[in-house]
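Reviewing the structure listed below.
None of the figures in this text is laboratory data; all of them are computed from the coordinates on show. No experiment lies behind these values; they were computed from the predicted model shown. Cβ placement follows ideal geometry from the backbone for every residue including glycine, while neighbour counts extend to all protein chains displayed.
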Amino acid sequence: MTQTDEVRQVQAATRALRQNIARVIIGKETIVDLLMVVLLCEGHVLFEDVPGIGKTMLAKSLAKSLGCSFQRIQFTPDLLPSDITGITFFNQKNSEFEFRAGPLLAQVVLADEINRATPRTQSALLEAMEERQLSVERETILLPRPFMVIATQNPIELEGTFPLPEAQLDRFLMRLRLDYPSHSEERLILQRFREEQPLQALRPAVSDAQLLTAQQLIRHVRVEPAIESYIVDLVRATRTHNAIELGVSPRGTMALYRATQAYAAIQGRNYAIPDDVKHVARPVLAHRMIATSQSRLHGQVMEQIVGDILQSVAVPVES
C-alpha cells in the first residue's frame, strides 16, 4: 500500500465519522475535525465550556459512530477511585474473589465535570489516560482499545472544585470549546429535535479495526525537517515568552507533531505543511502553559499568547 493509499484510507474513515456525527450535531465542523485529530492520535480531549452546549451529545455521537462501548461518569467530591476503576469483592456463592469492572473499562469515557472530583480520584483517571491500564488490588488491568477520555469542566462555577494539576492537563491532547451556536444553527437544532431523537437512530460508521488501522497509518505522514524545526521553535518560544511562567514540555512537542500528522491526513495529504501546525497549535499548546500573574492581571488568555507566538516565529518556506 502506497502512502497515498494510506492517506485515502484515513480520510475515508474520518469522512464517514464526520458525516455520521453531523446527523446529530449541527455545525461545529471545525471542532469535529479537531476531535477526529484527537481520535487518530489516540489522545484525550478536555471540553471547557458552559453546560447545555452539546458536549455529552457529541461524546455519545462519537461512541455510537464507532460502535464503541460508552460510559458517562458524573464526577463529584465524594467519588472514590474504586467507583470508577472497579472493585474486587468476595462472591459467597462460589467462595471466590471476583472483579466488578467500573465505568473506566469502556472505550469512550465521558468524565463530566472532572474538576469536581478530589485529586485522589483524578489520579486514578490519570493512570488510565497515560498508561492505558488500571491498578486494582495489586492487579494490572489493560484497558480496551481504542480508548478515549472526553472530559468536561465548567469554567464559570469554581466553588467546590479541585483544579486539574498541570500533570493531568498535560495528558489531554487538546482543550476545546464548543461555544454557542449561531442563530441559524440554533433554529436547525429546534427543527431536527422537534419530533425525533436522531442519536437513537445513529449506526456505526467505522469499525474498531478500521480506526486502529487509521491510528497507525497517520504515523506514516511525512514531516520534513523544516516543519520539525518549526514545531520545536514554537514550543521553545513558549518557554521564553515574557507572559508565560511555565512553558510547554517535550510531551507537548510530541503532541503537536502527532496532531500535525493527523490533521494533514484528514486533509488528504501524506505530508505536513506549516498551516497544519498552525491549525492545531492553539488547542494543543494553550492548556499546557502557565501564565505569569502579570499577564493574568491584564486578562491575557493562553490562546492569545499562542497566537502571538505563531506571529513571531518564522514560518518555513519551500526552498
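Under 5 Å between amide H atoms, partner at least 5 residues away or on a different chain: which partners does ALA291 have, H built in plane at 1.01 Å? Sorted by chain and number, the residues that satisfy this are GLU245. Can you give the FRET efficiency to the nearest 0.05 for GLN267 and GLN74, using r as the Cβ-Cβ distance and R₀ = 41 Å? Efficiency at R0 = 41 Å is approximately 0.65.
For the range 1-220, the relative contact order comes to 33 percent (Cα pairs under 8 Å, sequence separation of at least 6).
Using the alpha-carbon positions of the chain, Rg (one decimal) and Dmax (whole number) come out as 20.4, 74 Å.
Helices in the chain, meaning DSSP H runs of at least 4 residues, each add -39500 (n - 2.57). Divided by all residues, the mean residue ellipticity at 222 nm is -13500 deg cm²/dmol. Size of the range 218-279 from its Cα atoms: along the principal axes, largest to smallest, the extents are 37, 18, 18 Å. Every Cα-Cα pair of the range 84-144 was included, and the share exceeding 15 Å stands at 53 percent. If both residues of a DSSP beta bridge must be in the chain, then about 40% of such bridges are antiparallel. Taking the square roots of five times each eigenvalue of the Cα gyration tensor of the range 163-285, the equivalent ellipsoid has semi-axes of 32, 22, 15 Å, listed largest first.
Extending each Cα 7 Å along its Cβ direction at ALA101 and LEU246, get the distance between those two points in nm, one decimal. Placing both labels 7 Å along Cα→Cβ, they lie 3.5 nm apart. For the residues ARG251, ARG194, ARG15, a GNM of the chain with alpha-carbon springs under 10 Å puts the largest fluctuation on ARG194.
If you take all other residues with their beta carbon under 11 Å from the beta carbon of LEU212, and give Lys and Arg +1 and Asp and Glu -1, the sum is -1. Across the range 257-270, rounded Karplus estimates of 3J(HN,Hα) from the backbone phi angles (6.51 cos²θ - 1.76 cosθ + 1.60, θ = phi - 60°) give 4, 5, 5, 5, 4, 5, 5, 4, 5, 4, 7, x, 10, 9 Hz, Gly and Pro being marked x. Sorted largest first, the principal axis extents computed over the alpha-carbon atoms of the range 1-127 equal 56, 40, 24 Å. Using θ = phi - 60° in the Karplus curve 6.51 cos²θ - 1.76 cosθ + 1.60, the 3J(HN,Hα) couplings for the range 13-19 round to 5, 6, 5, 4, 5, 4, 5 Hz; x is entered for Gly and Pro.
For LYS28, a cut-off of 26 angstrom between C-alpha atoms picks up these lysines, skipping any fewer than 8 places away in its own chain: LYS55, LYS60, LYS64, LYS278.
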